[in-house]
Amino acid sequence: METSDCGDRFKLIIPFAGQSITWEVVFNSILPHFPPDFCFDDDTFLSDPEVEIIEKNVPSLANWDCQDSKSLLHVICELLVLYRKHQVSLLGDYSRLQFEYSSLVYQTPVCEDDVEVLIGSRNTNMKSRLMGGAVNFLIRLKVDFSDLPPVQTGDDSGESAAVLLVTFHQPEGSRITPQLYLSPRVERALGGSSSFHLPPFPSGSCLMDYVPIVAEQLRDRVSAMCVAYEKKKEYLGAFCYRMGKAMLEFDAVSFSRSSFLLECRDFYFLLHVSLPMHFPRDRPSFILQSVYHSSSGKPFKSLCEDYPYSPRWDPSEMVERACGYITSYVEVFQKNSIQSCPI
């Protein structure tokens, strides 16, 4: 933010269609009750505004109320709506881009409010933009994230959302690059930014075909994560029921891990259970840890990998089979832990 000596002007840097637009807000320090003026980095936007345009599209500016603390916010929001319409109107000078936008908003569930368009460099004329400037389509995907498993995000992660940024590096569409952006909660619930592989934009395809495919694949992924979450919850519940009071730790948020203090023939050890993200497709991990012995200065541990497992089994059967194998493996683990201890 930049200010003058009078503190009556500042710049707003606003994320828009995958880039940023800069607007300067100018008040009159001598007449503070006057509405502000604006300077836009796009010289084609409201370069010579008519009164009728302002009254119709930015009523909060036409009816400025200096006593309302939200007056400026209302004006900015209304200007953004008008700027979005302005950018869409520029598509009319190029048939391919106009087709991409019109077919997307009129032939798919995507509506006008879900799309932001930004054409080329905003400090060049239209001919130069269409000759070489990139064109961004930022599309909000209609995906319901309300059933996603809870995650620990620390700070408030805001609204759950997914947006698709499609860049036409040349207006005629010779090279097209899609990018998917997820809000923090969604990204963490799905396993990180690299966990969802965005399909490439097929040659000869268009937005009205590609966007629904991406949205459907994301819905399938969300559905799979919800199923995995319920399976994890059921599995760890069965494990805790089987182990009784031996439980030491239990992940009650993501149901991905638990630890138990167990005893077998007067030998005590810890059992750490970890469930992978794609459980039950991927098998759980079992680590046995000695409470007596160490190796290289750390508690002696052993990973159980060869236990019987099938993702088609009921969680209770998975637990029974695993516990049976662990019981038979304890004697081997005990001998190995003793041998690991230096004499």
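Quick one: is Tyr292 aromatic (Phe, Trp, Tyr), closer than 15 Å to Pro311 by Cα and either touching a residue at least 12 places away in the same chain (Cβ under 8 Å) or touching a Lys or Arg at 6+ places or on another chain (Cβ under 6 Å) (or both)? Reasoning before the result, please.
On the way: aromatic (Phe, Trp, Tyr): yes; closer than 15 Å to Pro311 by Cα: no; either touching a residue at least 12 places away in the same chain (Cβ under 8 Å) or touching a Lys or Arg at 6+ places or on another chain (Cβ under 6 Å) (or both): yes.
For Tyr292, the condition - aromatic (Phe, Trp, Tyr), closer than 15 Å to Pro311 by Cα and either touching a residue at least 12 places away in the same chain (Cβ under 8 Å) or touching a Lys or Arg at 6+ places or on another chain (Cβ under 6 Å) (or both) - is not met.
Quick one: in the range 187-230, of everything that is more than 17 Å from Ala161 (Cα to Cα) and acidic (Asp, Glu), which residue is modelled with the highest pLDDT?
Asp209
So Val332 clears everything in (1) surrounded by fewer than 14 Cβ atoms within 10 Å (Cβ to Cβ); (2) in contact with a strand residue (DSSP E or B) (Cβ under 8 Å, 6 or more places away or on another chain) except one condition, right? Which one?
So Val332 meets the others, but not (2).
Which residues, taken from the range 257-281, are within 27 Å of Glu234 (Cβ to Cβ), in contact with an Asp or Glu (Cβ under 9 Å, 6 or more places away or on another chain) and open to solvent by 40 Å² or more (accessible area, probe 1.4 Å)? Break it down stepwise before answering.
As a first pass, look at the range 257-281 and keep what is within 27 Å of Glu234 (Cβ to Cβ): 257-264, 269-281.
Next, from what is left, pick out any that are in contact with an Asp or Glu (Cβ under 9 Å, 6 or more places away or on another chain): 257-260, 264, 269, 272, 275-276.
Hits for the range 257-281 are Arg257, His272.
Please pick out the residue among Glu263, Glu172 that is more than 23 Å from Val143 (Cβ to Cβ), assigned to a strand (DSSP E or B) and at pLDDT below 90.
Numbers: Glu172 fails: assigned to a strand (DSSP E or B).
Of the residues listed, the single one that is more than 23 Å from Val143 (Cβ to Cβ), assigned to a strand (DSSP E or B) and at pLDDT below 90 is Glu263.
Is one or more of the residues making up the range 249-256 open to solvent by less than 30 Å² (accessible area, probe 1.4 Å) and of a type in the set (A, V, I, L, M)? Full working, then the answer.
Of all residues in the range 249-256, those open to solvent by less than 30 Å² (accessible area, probe 1.4 Å) come to 251, 255-256.
Those left that are additionally of a type in the set (A, V, I, L, M): none.
Among the residues of the range 249-256, not one is open to solvent by less than 30 Å² (accessible area, probe 1.4 Å) and of a type in the set (A, V, I, L, M), which makes the answer no.
Restricting attention to helices (runs of 4 or more DSSP H) lying wholly within the range 34-105, give those where 2 or more residues are open to solvent by less than 50 Å² (accessible area, probe 1.4 Å), of a type in the set (A, V, I, L, M) and under 25 Å from Gly133 (Cα atoms).
Details: elements: 51-57, 59-62, 71-90.
By residue number, 71-90.
Tell me, please, whether a residue that is basic (Lys, Arg) and at pLDDT below 90 can be found in the range 318-335.
Pass one, the range 318-335, residues basic (Lys, Arg): 321, 335.
Imposing the further condition that a residue be at pLDDT below 90 reduces the set to 335.
Yes, the range 318-335 has at least one match.
Do we have Arg242 as assigned to a helix (DSSP H, G or I) and open to solvent by 70 Å² or more (accessible area, probe 1.4 Å) here? Let's see the steps before the verdict.
Values: assigned to a helix (DSSP H, G or I): yes; open to solvent by 70 Å² or more (accessible area, probe 1.4 Å): yes.
Yes, satisfied.
With respect to Arg312, determine if the residue is assigned to a loop (DSSP other than H, G, I, E, B), closer than 18 Å to Leu275 by Cβ, open to solvent by 60 Å² or more (accessible area, probe 1.4 Å) and modelled with pLDDT of 90 or more. Walk me through how you get there before you give the answer.
Values: assigned to a loop (DSSP other than H, G, I, E, B): yes; closer than 18 Å to Leu275 by Cβ: yes; open to solvent by 60 Å² or more (accessible area, probe 1.4 Å): yes; modelled with pLDDT of 90 or more: yes.
Considered against the rule, which asks whether it is assigned to a loop (DSSP other than H, G, I, E, B), closer than 18 Å to Leu275 by Cβ, open to solvent by 60 Å² or more (accessible area, probe 1.4 Å) and modelled with pLDDT of 90 or more, Arg312 comes out as yes.
With (1) open to solvent by 50 Å² or more (accessible area, probe 1.4 Å); (2) at pLDDT 90 or above as the list, and Pro284 as the residue in question, which single condition is left unmet?
Status for Pro284: all satisfied but (1).
Tell me, please, whether a residue that is of a type in the set (D, E, K, R) and more than 15 Å from Ala228 (Cα to Cα) can be found in the range 270-284. Talk me through it step by step, then tell me what you get.
Of the range 270-284, the ones of a type in the set (D, E, K, R) are 281-283.
Checking which are more than 15 Å from Ala228 (Cα to Cα) leaves us with none.
Within the range 270-284 (the criterion being of a type in the set (D, E, K, R) and more than 15 Å from Ala228 (Cα to Cα)), the answer is no, since none of the residues qualifies.
The values are calculated or read from the model by the stated rules, or taken from the named source; none is laboratory data. Note that the structure is predicted; figures quoted are calculated from it, not measured. Counting neighbours? That spans all protein chains shown, and the Cβs are built from the backbone with ideal geometry, glycine included. Note: areas computed on protein heavy atoms with side chains; ligands, DNA, RNA excluded. Shrake-Rupley method; radii C 1.70, N 1.55, O 1.52, S 1.80 Å.
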